[in-house]
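**Student:** After the structure tokens below, expect a handful of questions from me.
The numbers here are math on the coordinates, done by the rules we state, and not lab data. All figures in this text were calculated on a predicted structure; none of them were measured in a lab. Cβ sites come from the backbone with ideal geometry, for glycine too, and all protein chains shown count toward neighbours.
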Amino acid sequence: MDAKILDGKKTARDMREEMRLEVISLKEKHNLIPGLAVVLVGENPASVSYVTGKRKACEKIGIYSREENHPETFPEEKLLTLIKELNNDPAIHGILVQLPLPKHIDDKKVLYEINPDKDVDGFHPFNVGKMMIGEDTFLPCTPHGIQQLLVRNEISIESKHVVIVGRSNIVGKPLAMMLCQKLKNANATVTVCHTRTKDIGHFTRQADIVVAAAGRPNTVTADMVSEGVVVVDVGVNRIEDNTREKGYRLVGDADFENVSKKASAITPVPGGVGPMTITMLLHNTIKSARLSRAV
Ligand code: GUN
């Protein structure tokens with residue numbers, strides 16, 4: 001079987017076009033312009049590239065974006081003051097602090113300072129708790145993007161066995177929680193595998209849907225999946241490649257070449273989950289703007 005490629009770029013493009021029209025209508029009907037603040041501390045190359053992508057995506061659909069770039073040495077206290085200022089700025093509906101933060105800054109302190117009403121990453125424990133009990137809230141962007149990518153490509157999640165490889169707070173754990181909810185586009189049976197799982201293949205071979213979110217190339221190989229499986233690859237790994245202008249290329253966490261021969265559908269890297277993550281950030285920013293005015 002040759003897998004159908006789950007084109008995240010196209011799905012993201014369709015959703016962003018819908019949102020572009022929604023932003024025009026919010027401006028016309030309510031004089032409301034959704035605003036996102038993106039805070040970057042330091043110059044981690046991957047983070048710089050993500051933040052640029054987020055700003056451009058906002059501009060394209062008419063969301064106001066404020067970029068706050070600060071040097072690696074930016075003190076924690078100043079960052080907390082900046083968050084407070086953004087919490088009180090009525091033009092800002094979403095605050096995103098790009099992770100990872102430099103070592104001298106306590107991530108938790110910073111993320112907890114963000115007003116949960118502006119927490120478009122869905123990382124504040126108040127929102128994590130609401131998600132866990134199935135209440136409406138800001139859903140974390142990568143897991144929500146994965147769910148939308150499947151649904152919009154007519155891959156049903158209902159009653160499927162989803163095996164997630166990776167237990168991060170950003171992807172693995174929240175995705176597991178979202179997909180097992182008694183809600184539309186969920187109702188899955190979920191297994192979470194991680195670095196201390198004895199035989200990951202034993203679980204992934206039983207999966208209808210495998211999500212590779214371990215942050216390591218070749219974590220999911222062809223011998224670890226069954227014929228007809230759906231594979232969602234969340235990995236973004238830079239591999240040295242001197243034939244490329246940048247000196248590297250991106251690969252996911254799954255062995256795409258061989259896994260795609262067995263899978264019925266698979267997401268590419270790049271162009272799979274990545275564009276969906278940014279799309280759900282735009283979605284959350286619009287949601288927050290609407291909630292701020294109850295429109
Ligand atoms: N770093 C990697 N992924 C993310 C994300 O989804 N949000 C933030 N804020 N930082 C990240």
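Every residue, every condition in (1) within 23 Å of Lys84 (Cα to Cα); (2) of a type outside the set (Gly, Ala, Ser); (3) more than 16 Å from the ligand (Cβ to nearest atom); (4) free of Cβ contacts under 8 Å to residues at least 12 places away in the same chain, yes or no:
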{"position": "Ile114", "(1), (2), (3), (4)": "yes, yes, no, no"}
{"position": "Asp119", "(1), (2), (3), (4)": "yes, yes, no, no"}
{"position": "Gly122", "(1), (2), (3), (4)": "yes, no, no, no"}
{"position": "Phe126", "(1), (2), (3), (4)": "yes, yes, yes, yes"}
{"position": "Pro143", "(1), (2), (3), (4)": "no, yes, no, no"}
{"position": "Ile146", "(1), (2), (3), (4)": "no, yes, no, no"}
{"position": "Arg152", "(1), (2), (3), (4)": "no, yes, yes, no"}
{"position": "Ile155", "(1), (2), (3), (4)": "no, yes, yes, no"}
{"position": "Ser159", "(1), (2), (3), (4)": "no, no, yes, no"}
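**Student:** Suppose the filter is among the aliphatic types (A, V, I, L, M), in contact (Cβ under 8 Å) with a residue 60 or more places away in the chain and surrounded by 15 or more Cβ atoms within 10 Å (Cβ to Cβ); does Leu250 pass it?
**Tutor:** So Leu250 does not fit the description; no.
**Student:** Which count do you get for residues in region 1-40 that are acidic (Asp, Glu) and assigned to a strand (DSSP E or B)?
**Tutor:** Step one: list which residues in region 1-40 are acidic (Asp, Glu), which gives 2, 7, 14, 17-18, 22, 28.
Still in the list and also assigned to a strand (DSSP E or B): none.
Selection size over region 1-40: 0.
**Student:** May I ask you to list the residues in region 128-140 that are surrounded by fewer than 23 Cβ atoms within 10 Å (Cβ to Cβ) and touching a residue at least 24 places away in the same chain (Cβ under 8 Å)?
**Tutor:** Start the filter on region 128-140 by keeping residues that are surrounded by fewer than 23 Cβ atoms within 10 Å (Cβ to Cβ), which leaves 128-137.
Passing the criteria: Val128, Met131, Met132, Gly134.
**Student:** Restricting attention to region 30-42, does a residue exist that is surrounded by fewer than 20 Cβ atoms within 10 Å (Cβ to Cβ) and within 21 Å of Pro100 (Cβ to Cβ)? Don't jump to the end; show me each part of the working.
**Tutor:** Initially, region 30-42 is screened for residues surrounded by fewer than 20 Cβ atoms within 10 Å (Cβ to Cβ), giving 30-33, 42.
Still in the running and within 21 Å of Pro100 (Cβ to Cβ): 42.
Within region 30-42 (the criterion being surrounded by fewer than 20 Cβ atoms within 10 Å (Cβ to Cβ) and within 21 Å of Pro100 (Cβ to Cβ)), the answer is yes, since at least one residue qualifies.
**Student:** Among the residues of region 70-85, is any polar (S, T, N, Q) and either surrounded by 14 or more Cβ atoms within 10 Å (Cβ to Cβ) or under 19 Å from the mean Cα position of the chain (by Cα) (or both)?
**Tutor:** Going through region 70-85, the residues polar (S, T, N, Q) turn out to be 73, 81.
With the extra rule that they be either surrounded by 14 or more Cβ atoms within 10 Å (Cβ to Cβ) or under 19 Å from the mean Cα position of the chain (by Cα) (or both), the set shrinks to none.
The answer is no, given that none of the residues of region 70-85 is polar (S, T, N, Q) and either surrounded by 14 or more Cβ atoms within 10 Å (Cβ to Cβ) or under 19 Å from the mean Cα position of the chain (by Cα) (or both).
**Student:** Are there any helices (runs of 4 or more DSSP H) wholly within region 69-182 with 2 or more residues that are in contact with a strand residue (DSSP E or B) (Cβ under 9 Å, 6 or more places away or on another chain), and if so which? Can you show your working first?
**Tutor:** On the way: elements: 76-87, 107-113, 125-132, 141-152, 172-179.
Per the criteria, 76-87, 107-113, 141-152, 172-179.
**Student:** Considering only residues of region 44-62 that are β-branched (Val, Ile, Thr) and out of contact with any strand residue (DSSP E or B) (no Cβ under 6 Å at 6 or more places or on another chain), which is surrounded by the most Cβ atoms within 10 Å (Cβ to Cβ)?
**Tutor:** Step one: of region 44-62, the residues β-branched (Val, Ile, Thr) are 48, 51-52, 61.
Checking which are out of contact with any strand residue (DSSP E or B) (no Cβ under 6 Å at 6 or more places or on another chain) leaves us with 48, 52, 61.
On the way: Val48: 14, Thr52: 13, Ile61: 21.
The qualifying residue surrounded by the most Cβ atoms within 10 Å (Cβ to Cβ) is Ile61.
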